[in-house]
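A quick write-up on the structure given underneath.
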Amino acid sequence: ALNPAYSLIQVNLALVEALMGRRTDALRRADALGRQNPNDPNVAAIRRLAGRAG
């Protein structure tokens, strides 16, 4: 598993990317997070948000 602080930073970056309409970047980051932390509920949230963004 990733360092929790690093993981949280990645989650926040992905959320910002999704909100900015950078859908591909947000989804790529969510995929990387999902590989490291398969049960992280943030990954699904990022994917949902990115699906609506941009």
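No value in this document is a laboratory result; all are computed from the given coordinates. From a predicted model like this one, the values you see are computed outputs, not experimental measurements. Cβ sites come from the backbone with ideal geometry, for glycine too, and all protein chains shown count toward neighbours.
Quick check on ARG48: is it out of contact with any strand residue (DSSP E or B) (no Cβ under 8 Å at 6 or more places or on another chain) and surrounded by fewer than 18 Cβ atoms within 10 Å (Cβ to Cβ)?
Details: out of contact with any strand residue (DSSP E or B) (no Cβ under 8 Å at 6 or more places or on another chain): yes; surrounded by fewer than 18 Cβ atoms within 10 Å (Cβ to Cβ): yes.
Judged against the criteria, ARG48 is a match.
Enumerate the pairs (first residue in the stretch 35-47 and closer than 12 Å to LEU8 by Cα; second residue anywhere and of a type in the set (Ser, Thr, Tyr) and in a helix (DSSP H, G or I)) with beta-carbon separation below 8 Å, excluding pairs fewer than 6 apart on the same chain, so at least 6 apart or on different chains.
Pairs found: ASN37/SER7; ASP40/SER7.
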